[in-house]
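The values are calculated or read from the model by the stated rules, or taken from the named source; none is laboratory data. None of the values given here were measured: they were computed from a predicted structure. Neighbour counts are summed over all protein chains in view; Cβ atoms, including those assigned to glycine, are modelled from backbone coordinates with ideal geometry. Accessible surface is based on the protein model in full, side chains and every heavy atom, while ligands, DNA and RNA are left aside. Shrake-Rupley method; radii C 1.70, N 1.55, O 1.52, S 1.80 Å.
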Amino acid sequence: MGNKVTTAIKPTREEDYPMWYQEVVKASEMAEKSSVRGCMVIRPWGYALWENMVAQLDSMFKATGVKNAYFPLFIPLSYLEREAEHVEGFAKECAVVTHHKLEQGENGRLVPAGELAEPLIVRPTSETIIGESMSRWISSYRDLPLLLNQWANVVRWEMRTRIFLRTSEFLWQEGHTAHATEQEARERTYQMLEVYTKFVEEYLAMPVIRGYKSDSERFPGAVETTCIEAMMQDKKALQAGTSHFLGQNFARGSNIRFQDGDGNEQFAWTTSWGVSTRMIGGMIMIHGDDDGVIMPPRVAPAHVVLLPIFKNDEERSMVMEYVDSLARELGDIPYKNRPGLVVEIDDRDTGGARGWDWIKKGIPVRAEIGPKDIEKGAVFAARRDESPKVRKSISRGDFVGGIVDMLEDIQANLYKKALEFQRANTFEMDDKNKFYDFYTSSGKGIHGGFAMAHWCRSRECESAIKEDLSVTIRCIPFDSREEEGKCICCGTKSPGRVLFAKAY
RNA sequence: CGGGAUGUGGCUCAGUCUGGUAGAGCACAGCGUUCGGGACGCUGGGGUCGGAGGUUCGAAUCCUCUCAUCCCGACCA
């Protein structure tokens, strides 16, 4: 009782962060768990967000010369075997198709029949099957570089799943490129990581740290894996995207060869890079509050919801007329990569619950419009990045004229807030005891944060820390300064600091 | 795949120990009163109690089997 603040989402982040996340996803109607084990249903509000993300990323890829294509869902078992580390990495989580039809069995149940000569796996990633095509398409250095991307679903049979963050089936894009030289392939690897960084920071408003993965965290079969890591509000790290330099490993496995200008035959150098629906989970966890999702305006499924208020039919027709014309006016205002603002009109007569539905969904701007506003030629507006109670009367002209600035201001605020949080919870550490305390000290189940600490580069120290604290090396940051130091674990010489954190 | 728990209207659960043939809150529909407000009242729709078998005059409740989900451990965009 008393003056306790009621929140739309229970439990709150502080009370139980993982449960809060589940509730936010449900309450925002973005997605739900499917009756199919480990899979999710992405609902219209969540899928519209994904479509906006896809549209933006797709145009950014194309601007770098990448072209889209589509490859089979099914991959012959033998293809996977072509790269040794790749097999090891993915074999344990493959869905396998062994039959091609169903027959009536005893007691009328359908049973699989028609066993396949060679089982097919459902793609967990497509390096091998795309490599097979590349090997046929490439014969000369003139065919290079080959820059491909596919938007697809993939399946990884996960033990424990979490909606958006880790599901057995998920949506993503996978870029695959082949190059004549090592240097060009490496540059492409970094270039695409930059694209991801730009997208995630400028559109999802998520500040990230770019870096290299340690050997143990590398993509199976890659020579070098780069990544972007973001800090969630529970101070855990989430990998938001990866870009791999594959060397000639997959080219050897898939026989991707070309003749260079001197007539010599060489293996191509390849890359692959991907981001997935997991980013949605990250966006929710980084910006959401105890009232639900907060959508960054630049990717929001809709920008403004208009909430008409009326008591009778007479008021209704007057208010709706005003609301409709306002919606049309807003719909003609271009915003970022979109031709016009997306406006929702919610005229349900469900009392106050109506406004809260949109708060939970995270729409950037709400505007209540009733007879009093119309009289004043105004709207009663609220921003999702402010308390639900903060609502201001703004003249219609100022609202329409200032809406883009308001959206951009929300976008900037979200990024700023997230960056401040990340910085406030990132520490340089040189003392092993302090490091261990950082990740074990009590306090509502949320510990530590990001620790920038020295590491001797040995696998032993890395796994000792993982064993002791469930803390892993998220990346070796690109921009960490040259600095000699002592390994946080064993005390021997270290060439520089790396980013440690608990991770999703 | 090991350890623990749970399956009852759309959701959260009570009822299970001490068998007697299904309940609450929320959500949903209708009507009314309200309302710049997560409102209130009345009325109503919706469940073969995860599934199969057994014990019994009678099973949500007891027994056996089975399936599924969740939490904890080894893997992961």
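A few notes on this one:
- Among residues of the stretch A:121-133, those that are closer than 15 Å to residue A:254 by Cα, hydrophobic (A, V, I, L, M, F, W, C) and surrounded by fewer than 24 Cβ atoms within 10 Å (Cβ to Cβ), counted: 1
- Output for the stretch A:45-75, where each listed residue is in contact with a Leu (Cβ under 6 Å, 6 or more places away or on another chain) and either without any contact (Cβ under 8 Å) to a residue 60 or more places away in the chain or in a helix (DSSP H, G or I) (or both): A:74
- Test: residue in the stretch A:185-193 that is open to solvent by less than 10 Å² (accessible area, probe 1.4 Å), in a helix (DSSP H, G or I), of a type in the set (Ser, Thr, Tyr) and more than 8 Å from RNA strand B (Cβ to nearest atom): yes
- Selection from the stretch A:218-252 of residues that are open to solvent by 10 Å² or more (accessible area, probe 1.4 Å), within 21 Å of residue A:457 (Cβ to Cβ) and within 13 Å of RNA strand B (Cβ to nearest atom): A:218, A:219, A:220, A:239, A:242, A:244
- Taking the criterion of being assigned to a strand (DSSP E or B), more than 7 Å from RNA strand B (Cβ to nearest atom) and open to solvent by less than 10 Å² (accessible area, probe 1.4 Å), the residues of the stretch A:265-281 that qualify are A:270, A:271, A:272, A:273.
For (1) touching a Gly at 6+ places or on another chain (Cβ under 6 Å); (2) of a type in the set (A, V, I, L, M, F, W, C); (3) surrounded by 18 or more Cβ atoms within 10 Å (Cβ to Cβ), each residue gets a yes or a no:
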| residue | (1), (2), (3) |
| --- | --- |
| A:26 | no, no, no |
| A:36 | no, yes, no |
| A:42 | no, yes, yes |
| A:45 | no, yes, yes |
| A:53 | no, yes, yes |
| A:63 | no, yes, no |
| A:69 | no, yes, no |
| A:75 | no, yes, yes |
| A:79 | no, no, yes |
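- In this structure, residue A:494 does not qualify as outside the structural domain of residue A:235 (by TED's automatic domain parsing) and free of Cβ contacts under 8 Å to residues at least 40 places away in the same chain.
- The listed residue being surrounded by fewer than 17 Cβ atoms within 10 Å (Cβ to Cβ), closer than 20 Å to residue A:285 by Cα and not hydrophobic (A, V, I, L, M, F, W, C), out of A:387, A:395: A:387
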